[in-house]
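Asker: Just dropping this structure here.
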Amino acid sequence: MKRILLLLAFIAPSLCGAQTASERLERLAAEQTERLLDLFPVSEIFSRGAGPRQDRVELSLSDEHRERQRAFQRWVLKELEGIPRSELGPSEKLTHELLAWRAGTSLDWLSTPFY
């Protein structure tokens with residue numbers, strides 16, 4: 001149910017009209033956080049306390065999981081490309097840059113073979 005409400009929160013604004021760059025960045029940051037917690041469910045316990053993901057454990061160093069991480073980081077970068085920085089305020093530009101930096105750094109780390 002929570003996922004459906006979260007999905008509606010992201011879809012509804014786009015159905016009601018065009019979103020500003022600020023609104024799109026805010027939506028991306030929120031969705032990025034939720035997807036990251038889906039990838040690393042144990043993190044939810046440390047960031048929010050017990051939640052719906054608490055019964056899941058992922059082997060984050062497996063080849064499959066690392067590919068899911070790569071896909072996630074590429075998705076973040078692709079979404080950021082669609083948000084014009086010129087339309088953002090100073091703090092929003094910093095958020096944009098930090099999200100891009102984290103995704104790029106993660107992709108660099110994930111390109112290193114794990115043995």
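Asker: For the stretch 78-113, name all the residues that are part of a helix (DSSP H, G or I), within 25 Å of L59 (Cβ to Cβ) and either in contact (Cβ under 8 Å) with a residue 12 or more places away in the chain or not polar (S, T, N, Q) (or both). Even if it seems obvious, please write down each step before you answer.
Answerer: Step one: filter the stretch 78-113 for residues part of a helix (DSSP H, G or I), giving 78-81, 85-87, 90-110.
From what is left, the residues that are within 25 Å of L59 (Cβ to Cβ) are 102-110.
The answer is R102, A103, G104, S106, L107, D108, W109, L110.
Asker: What is the residue count in the stretch 18-57 for residues that are part of a loop (DSSP other than H, G, I, E, B), open to solvent by 50 Å² or more (accessible area, probe 1.4 Å) and over 21 Å from T105 (Cα atoms)?
Answerer: 8
Asker: If you scan the stretch 64-77, which residues turn out to be touching a residue at least 40 places away in the same chain (Cβ under 8 Å) and over 15 Å from A29 (Cα atoms)?
Answerer: Of everything in the stretch 64-77, those that are touching a residue at least 40 places away in the same chain (Cβ under 8 Å) and over 15 Å from A29 (Cα atoms) turn out to be R66, Q69, R70.
Asker: If you don't mind, there's one more thing I want to ask. Out of all the residues in the stretch 59-76, is one or more farther than 21 Å from A21 by Cα, at pLDDT 95 or above, open to solvent by 40 Å² or more (accessible area, probe 1.4 Å) and among the small types (G, A, S)?
Answerer: Among the residues of the stretch 59-76, at least one is farther than 21 Å from A21 by Cα, at pLDDT 95 or above, open to solvent by 40 Å² or more (accessible area, probe 1.4 Å) and among the small types (G, A, S), which makes the answer yes.
Asker: So how many residues does the stretch 63-78 have that are more than 11 Å from L110 (Cα to Cα) and over 18 Å from the mean Cα position of the chain (by Cα)?
Answerer: 1
The values are calculated or read from the model by the stated rules, or taken from the named source; none is laboratory data. Remember, predicted model here, so these are calculated numbers, not experimental data. Note: ideal-geometry Cβ built from the backbone for every residue, glycine included; neighbour counts use all protein chains shown. Surface accessibility is based on the protein's heavy atoms, side chains included, excluding ligands, DNA and RNA. Shrake-Rupley method; radii C 1.70, N 1.55, O 1.52, S 1.80 Å.
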